[in-house]
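These notes concern the structure reproduced below.
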Amino acid sequence: MKTVSSSHLGYPRIGEKREWKKTLEAFWSSAISEEEFFSDMKSYRLHSLKKQQQKDIDYIPVNDFSLYDHVLDTAAMFGVVPERFDYEGGKVPLSTYFSMARGSDRAHACEMTKWFDTNYHYIVPEIGHKQPELVENKPLDAFLEAKKELDIQGKPVVLGPFTFLKLSKGYDEKNFEKILDQLVPLYIQLLQELETAGASLVQMDEPILVTDISTEEMALFSKVYEKIAGSLRTVDLMLQTYFEAVTHYKELIKLPVKGIGLDFVSGLEENLRSIQTYGFPEDKLLGLGIIDGRNIWKSTLEDALNMIKQLQKHVSYDRLLLQSSSSLLHVPVSLKHETKLPPIVKEALAFSDEKLDELTLLRDAIIRPDIEHIQAIVLHDQSSNELLRSEWRVKQHPVSLKSSRSSSFVERNKLQRDKWKLPLLPTTTIGSFPQTKEMRKARAKWRKGELSNEVYEALIQEEIKQWIDYQEEIGLDVFVHGEFERNDMVEFFGEKLAGFTFSQNGWVQSYGSRCVKPPIIFGNVSFVEPMTVKETLYAQSLTQKPVKGMLTGPVTILNWSFVRNDISRKEAAFQIAEALLKEVQSLEKAGITMIQVDEPALREGLPLKSSKHNDYLKWAVEAFRTSTSEVADSTQIHTHMCYSEFDEIIESISDMDADVISIETSRSHAELISTFEETVYDKGIGLGVYDIHSPRIPDEKEMVSIIERALSVLPPSLFWINPDCGLKTRSVDEAKNALVNMVKAAHQVRSAAVAAK
Ligand code: GLN
Ligand code: ZN
């Protein structure tokens with residue numbers, strides 16, 4: 001390698017039009033044979049590789065493809081299969097692999113959790129039942145396939161041992177080192193086999209290096225890599241990090257690996273400072289993650305060029321690999337099929353394929369800085385400028401808006417009690433009711449213009465009426481309209497607010513075959529007209545009971561969208577908050593004065609480094625408050641959150657100052673309750689009393705005991721009874737049967753409490 005080269009960290013699996021997803025689901029439903037399945041998957045894999053080859057990427061990653069998830073692949077490769085799957089050793093059968101991901105009749109699925117701070121979810125490996133062994137060398141297979149089929153000398157991607165073990169569960173923390181010692185020889189074996197096959201550079205993913213790992217852990221990390229690198233002769237390791245700046249730069253650059261990959265987008269400032277302060281070793285390659293792998297906007301290549309020039313002092317061109325900042329798994333595949341985006345937006349975008357073009361352009365402009373290349377760079381940058389020049393209105397938190405309620409919770413609570421006179425332990429739900437097939441079909445037709453507004457709206461009203469009647473029948477205390485008009489809690493609002501646009505194929509893998517298509521915030525977000533008033537008022541017209549208004553909060557809308565990258569996330573959050581406040585006020589004006597503003601994604605926006613938590617939490621909470629504060633004291637603001645690990649942010653949750661909060665809990669109820677044993681929460685709270693994620697119908701007794709347990713730490717006067725999340729994914733029968741039991745359980749505990757008084 002004489003001069004700068006290009007690479008990236010992984011290509012999306014899902015295909016330009018989600019063909020990967022369709023094949024997976026067809027196989028699961030037995031619509032295609034295993035043979036067809038494997039052959040289709042292979043063709044997608046090769047198709048993607050071929051594209052990268054045509055785009056002239058120097059180091060093309062292999063083994064970034066997966067049939068489900070790369071962490072699950074790694075577990076399967078080491079025979080790390082929980083006992084309940086009756087695995088007997090050898091290569092893990094495909095059926096077992098999918099059972100681990102999705103559960104089977106006999107065994108529940110492995111847990112799934114978020115991959116660092118992204119919206120991708122991986123399957124959590126469960127170590128411990130059996131000693132790991134290398135039962136399959138997947139990176140080797142991928143390497144050999146690329147070589148044989150396309151004559152590509154691939155760069156195998158391997159999830160490194162330290163991160164793999166850190167992300168796993170099922171072992172005692174104090175055995176960490178022991179298990180790591182078991183894994184190391186397996187990694188050596190895997191890499192030696194790659195070496196024998198002729199691999200020259202392997203990407204060892206160790207994103208754990210950007211989290212708060214301790215000095216002791218870093219020392220252990222170094223030991224592991226010394227051992228691994230010491231056992232290899234011709235194959236080089238690129239130790240790859242992403243999502244943030246590395247925590248132990250000084251130690252990292254001492255490791256005997258050939259290359260170090262750093263994120264120069266999310267971790268730009270700190271990583272750059274580390275290089276400038278401590279230098280970069282002369283014998284190493286630098287993987288410069290300069291093209292954003294997490295967002296969809298074109299890069300400004302001129303800035304990138306300047307950065308690269310600036311780095312020349314420390315790293316010569318022949319030691320530079322221009323890369324994406326992370327795997328491209330987190331952005332859509334290609335702009336090719338987008339025909340409906342506003343031209344000014346489309347011009348400013350770069351999905352995976354376009355990012356690869358950027359890498360090539362950048363590399364070529366460095367190799368040959370002639371007029372032709374310079375012009376290409378200028379043209380590239382200009383094309384996105386029009387959007388960037390369009391003005392972004394809010395530069396800081398709009399000072400005119402209040403971010404705290406006029407009175408304290410105690411004062412508001414008094415007014416609100418007098419207003420509604422709800423019984424002790426009021427019952428309610430989180431917002432959505434099941435969406436029937438007919439409703440979904442009707443919406444699809446309506447979107448295509450095959451169904452008139454009148455017919456569609458009449459259908460929605462019919463559903464609302466049925467469910468208002470049902471809530472009346474079983475005796476819930478606070479009703480909801482059911483969210484039948486919404487397909488997705490962010491898209492629905494995005495379509496009605498100004499500043500958003502939507503791609504046709506901008507899908508990103510969320511978990512397994514499930515993909516999401518995040519809205520694109522390209523301009524000033526603003527309120528256009530009321531978005532939820534009509535349905536809510538209709539529901540309210542059918543009953544004397546209060547109907548809660550139902551909105552998605554600013555932080556969740558932000559975290560589940562792609563946002564312009566020339567503005568800060570904080571600014572964007574406040575702009576959304578300002579628009580949502582107008583909706584809250586529209587509801588209030590229309591007489592809907594119990595309003596829930598959901599923030600299920602607030603927790604997941606938490607930065608990876610704890611030193612950055614406070615800043616995020618501060619503006620996130622303030623954005624929420626901005627959207628909910630300018631209302632009457634007697635207006636009751638609810639919020640809902642979807643996670644259980646929230647000990648560390650409980651104070652921020654309290655700072656949101658919602659009158660009532662409902663929290664998803666059923667899967668780890670005990671854990672949550674112990675949080676409240678240590679922390680006083682003195683506002684209204686509903687801890688979900690049953691798990692809506694399972695089709696199982698909990699009986700009355702079971703819920704009574706959950707409520708009683710919660711009441712042992714929380715005051716009954718502030719406690720609400722509700723399921724732990726919205727019911728849209730359940731069948732009508734499941735939802736109805738569980739709710740009847742929930743109301744009965746509430747009544748039982750309520751009578752007992754009243755009698756005891
Ligand atoms: N109100 C939403 C619903 O009930 C909340 C969903 C969520 O928390 N993810 O569906
Ligand atoms: Zn939820």
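Nothing in this text is a laboratory measurement; each read-out follows from the coordinates by a stated rule. These numbers were taken from a predicted model, which means no experiment stands behind them. Cβ sites come from the backbone with ideal geometry, for glycine too, and all protein chains shown count toward neighbours.
Points to keep in mind about this one:
- Proxy reagent accessibility, fewest Cβ within 10 Å first, across T635, T556, T300: T300, T635, T556
- In this simple spin-label approximation, S705 and K757 carry label points 7 Å from Cα along the Cα→Cβ vector, and these lie 2.8 nm apart.
- Fully extended contour minus Cα-Cα distance, from K174 to K612, at 0.36 nm per residue: 154.9 nm
- Per-residue Cβ neighbour rank within 10 angstrom, fewest leading, M100, M307: M307, M100
- Nitroxide proxy distance, nm - points 7 Å out along Cα→Cβ at K250 and E450: 6.6 nm
- Computed helical MRE - 222 nm, the chain, DSSP H runs ≥ 4 contributing -39500 (n - 2.57), nearest 500: -13500 deg cm²/dmol
- The alpha carbon centroids of segment 559-592 and segment 170-234 are separated by 45 Å.
- Interchain or long-range residues, amide H under 5 Å from D205's placed H: V158, L159, G160, Q240
- Sequence-separation-based contact order of the chain, relative, with Cα cut under 8 Å and 6+ spacing, percent: 12 percent
- From phi via Karplus (6.51, -1.76, 1.60), per-residue ³J(HN,Hα) for segment 452-461 in Hz, x at Gly/Pro: 6, 4, 4, 5, 4, 5, 5, 5, 4, 4
- Taking amide H as placed 1.01 Å from N in the peptide plane, G686 has its amide H under 5 Å from the amide H of I661, S662, I663, W720, each at least 5 places away in sequence or on another chain.
- Helix axis angle, 569-589 relative to the chain longest principal axis, alpha carbon, degrees: 20 degrees
- Extension gain from R102 to R514, taking 0.36 nm per residue of separation minus the Cα-Cα distance: 147.1 nm
- The order of H314, H481, going from fewest to most other C-beta atoms within 10 Å of their C-beta, is H314, H481.
- Each residue of segment 652-657 is assigned a 3J(HN,Hα), and the resulting list reads 5, 4, 5, 5, 4, 6 Hz, derived from the Karplus form 6.51 cos²θ - 1.76 cosθ + 1.60 (θ = phi - 60°), x at Gly and Pro.
- Straight-line cross-link reach from K114 at under 19 Å between alpha-carbon atoms covers these lysines, not counting any fewer than eight positions away in the same chain: K166, K169, K517, K609, K612.
- Packing, as the average of other Cβ atoms within 10 Å across residues, places the peptides 206-218, 165-177, 362-374 in the order 206-218, 362-374, 165-177, highest first.
- Long-range amide H partners of L335 with built H, under 5 Å: F351, D353, E354
- Net lengthening on full extension, V410/K313 (0.36 nm per residue, minus Cα-Cα): 28.8 nm
- Two-site FRET efficiency, D357 against K223, from Cβ-Cβ distance with R₀ of 35 Å, rounded to 0.05: 0.30
- Taking every DSSP beta bridge that has both ends in the chain, the antiparallel portion is near 15%.
- Pairs of lysines in segment 236-327 (C-alpha under 23 Å apart; 8 or more residues apart or interchain): 12
- Bridge type composition, segment 467-597 - antiparallel percent by DSSP, nearest 5: 50 percent
- Qualifying lysines (Cα of each under 28 Å from Cα of K421; at least 8 residues distant if same chain): K465, K534, K545, K548, K582, K589, K683, K701, K736, K744, K757
- Ranked by how many other beta carbons lie within 10 Å on average, peptides 706-712, 519-525, 279-285 from highest: 519-525, 706-712, 279-285
- Spacing of the two label points (7 Å from each Cα toward its C-beta) at E472 and A632, in nm: 2.5 nm
- Check: the chain dipole with +1 on Lys, Arg Cβ and -1 on Asp, Glu Cβ, in debye: 860 debye
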